[in-house]
Amino acid sequence: MSERTYRRLRAELASLENDGLYKRERPITSPQSGQIRVDLNGTNQPFINLCANNYLGLADHPDIIAAAKTAMDAYGYGMASVRFICGTLDLHRQLEQDLADFLGMDDAILYAAAFDANGGVFEPLLAVEDAILSDSLNHASIIDGIRLCKAQRYRYANNNMTDLEAKLDEAAAASPRAIVIATDGVFSMDGTIANIPELRRLADKYDALLLLDDCHATGILGPQGRGTAAHFNSRADIITGTLGKSLGGAAGGFVAAAQPVIDMLRQRSRPYLFSNALPPMLVGGAIKALQLARAGDELRDALRGHARHFRTGLSEAGFRLLDGEHPIIPVMLDEAQLAQDFANRLYELGIFVTGFFYPVVPRDQARIRVQMSAALSTGQLDRAIAAFTQAGRELRVIK
Ligand SMILES: *Cc1c(COP(=O)(O)O)cnc(C)c1O
């Protein structure tokens, strides 16, 4: 019986491999940064790193490491409990209040990951008599969170406000108790920024709440890195985010919103109630990371400059990019196998990038998603552009 299952799994894995869809992980032996070391057949080779979410370059920042160590010395290694049983530190509340203050919300609540924040935010707030409108390119964790909730679901075409309004009309026709519009602030595979002014206008017109997953925007966009809504001088009603990207890159997630929303999540959100409190070192590190991110206009300027430089370099070399201004730069290759081959060739040339293909992006839209970091230097970017150009010619992606 079990042998039959293992046989089936082996066959499915073999077909992933055949279709060029099999993902391989490469062991890094250094801290996350602009340059990393990778174990290559027992030798430690340096690579230029173009695919971490380490936007502000804080992942190996000495002040964050020191703050994490201080918190570990003061509070120990782990909490061995969930928050409401005996797992809430003064430090947890400080981080929650710092995040709320940063994002201009009443309060915030921590989760083990943004995946959990999105997984746990819908079900406690909404029921069958409510409606959720979700962007078609929303992150997997939003999709899962919505699945766990009994509200009526409507999906609108990516960042398409005409379609959203049509779906809002459809939803409103059923006279729902509440309406939530859920969107990524920045779409992680494309780097496009959600049309917040229009989302806000429609949310107000239909008396809906606007929920923004700002994982790829917190620390990066807007004044002091306050995110996508601040970038447009607008506001969201509920913001979900991560501590695992620009804010130090370790782990942890959060929801920031009005008081009754946060209070209800503390009572009813399952990934919060039934999962361990964040370890003290992560919380201490994140408090410091948030301070550095708020003060980090120089880092944001460097990041923007790098994105412009890299986009210009690759466009001039003849690559097809998705337009945008975000440090996510998708280099389109269309076929999964080509994206894999391209990433492998770049790897041989000392550039660490990953091919993205189905099911992470739609079929026939495989790509290399490059991500800029303030930790990179212009020299490293130019070396990377030269390597892209060489690999692109060899694989006949460019002339
Ligand atoms: C990375 C990401 C998440 C998940 O964040 P974790 O904290 O790593 O779980 C959720 N939503 C979006 C849009 C993301 O990019």
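From Leu99, Leu126, Leu103, Leu95, grab the single residue that is away from the ligand (no atom under 16 Å from the Cβ) and crowded, with 19+ Cβ neighbours inside 10 Å.
Values: Leu99 fails: away from the ligand (no atom under 16 Å from the Cβ); Leu103 fails: away from the ligand (no atom under 16 Å from the Cβ); Leu95 fails: away from the ligand (no atom under 16 Å from the Cβ).
That would be Leu126, the only listed residue that is away from the ligand (no atom under 16 Å from the Cβ) and crowded, with 19+ Cβ neighbours inside 10 Å.
Quickly run through segment 79-92 and pick out the residues that are exposed (fewer than 15 other Cβ atoms within 10 Å of the Cβ) and either closer than 19 Å to Gly285 by Cα or of a type in the set (A, V, I, L, M, F, W, C) (or both).
Ala80, Phe84, Ile85, Cys86, Asp90
In segment 52-78, how many residues are surrounded by fewer than 18 Cβ atoms within 10 Å (Cβ to Cβ) and under 19 Å from the mean Cα position of the chain (by Cα)?
1
Only residues in segment 78-96 that are closer than 18 Å to Asp106 by Cα count as the first member; pair them with residues that are surrounded by 14 or more Cβ atoms within 10 Å (Cβ to Cβ) and among the aromatic types (Phe, Trp, Tyr), Cβ under 7 angstrom, at least 6 apart or cross-chain, and list the lot.
Leu91/Tyr75
Name, by its number, the condition in (1) farther than 29 Å from Thr242 by Cα; (2) free of Cβ contacts under 8 Å to residues at least 40 places away in the same chain that does not hold for Asp301.
Tallying (1) farther than 29 Å from Thr242 by Cα; (2) free of Cβ contacts under 8 Å to residues at least 40 places away in the same chain, Asp301 fails exactly one: (1).
Counting just the residues of segment 27-45 that are touching a Ser or Thr at 6+ places or on another chain (Cβ under 9 Å) and modelled with pLDDT under 95, which one comes out surrounded by the most Cβ atoms within 10 Å (Cβ to Cβ)?
This residue is Val38.
In the list Ser134, Ser141, which residue meets the criterion of being in contact with a Gly (Cβ under 9 Å, 6 or more places away or on another chain), within 16 Å of the ligand (Cβ to nearest atom) and under 22 Å from Ser269 (Cα atoms)? I'd like the intermediate steps shown before the answer.
Numbers: Ser134 fails: in contact with a Gly (Cβ under 9 Å, 6 or more places away or on another chain).
The conditions single out Ser141.
Could you please give the count of residues in segment 167-194 that are in a loop (DSSP other than H, G, I, E, B) and either within 16 Å of the ligand (Cβ to nearest atom) or buried (at least 24 other Cβ atoms within 10 Å of the Cβ) (or both)? If you could, list the steps in order and put the result at the bottom.
Filtering segment 167-194 for residues in a loop (DSSP other than H, G, I, E, B) gives 174-178, 185, 187-192, 194.
Filter once more, keeping what is either within 16 Å of the ligand (Cβ to nearest atom) or buried (at least 24 other Cβ atoms within 10 Å of the Cβ) (or both): 185, 187-192, 194.
The total comes to 8.
Quick one: in segment 209-238, of everything that is touching a Ser or Thr at 6+ places or on another chain (Cβ under 8 Å) and of a type in the set (Val, Ile, Thr), which residue is farthest from His139 (Cα to Cα)?
Ile220
Pull up segment 309-340, narrow it to residues that are in contact with a Phe, Trp or Tyr (Cβ under 7 Å, 6 or more places away or on another chain) and part of a helix (DSSP H, G or I), then point me to the one that is surrounded by the fewest Cβ atoms within 10 Å (Cβ to Cβ).
Ala317
Just to check your reading of the model, which residue among Leu210, Leu221 is away from the ligand (no atom under 11 Å from the Cβ), farther than 27 Å from Arg311 by Cα and touching an Asp or Glu at 6+ places or on another chain (Cβ under 9 Å)?
Numbers: Leu221 fails: farther than 27 Å from Arg311 by Cα.
Checking each option against the conditions leaves just Leu210.
Collect the residues in segment 378-399 that are surrounded by fewer than 14 Cβ atoms within 10 Å (Cβ to Cβ) and under 30 Å from Arg300 (Cβ atoms), keeping them in residue-number order.
Result: Thr378, Gly379, Asp382.
Return the total of residues in segment 248-276 being of a type in the set (A, V, I, L, M, F, W, C), more than 21 Å from the chain's Cα centre (by Cα) and either in a loop (DSSP other than H, G, I, E, B) or crowded, with 16+ Cβ neighbours inside 10 Å (or both). Give the steps one after another, and end with the answer.
So the first thing to find is which residues in segment 248-276 are of a type in the set (A, V, I, L, M, F, W, C), and the list is 250-251, 254-258, 261-262, 264-265, 273-274.
Within this subset, residues satisfying the condition of being more than 21 Å from the chain's Cα centre (by Cα) are 258, 261-262, 264-265, 273-274.
Narrowing further to those that are either in a loop (DSSP other than H, G, I, E, B) or crowded, with 16+ Cβ neighbours inside 10 Å (or both): 258, 261-262, 265, 273-274.
Counting residues in segment 248-276 that are of a type in the set (A, V, I, L, M, F, W, C), more than 21 Å from the chain's Cα centre (by Cα) and either in a loop (DSSP other than H, G, I, E, B) or crowded, with 16+ Cβ neighbours inside 10 Å (or both) gives 6.
The values are calculated or read from the model by the stated rules, or taken from the named source; none is laboratory data. Just so we're clear, the structure is a prediction, and the values are computed from it rather than from any experiment. Heads up, the Cβs are rebuilt from the backbone with ideal geometry, glycines too, and the neighbour counts pull from every protein chain shown.
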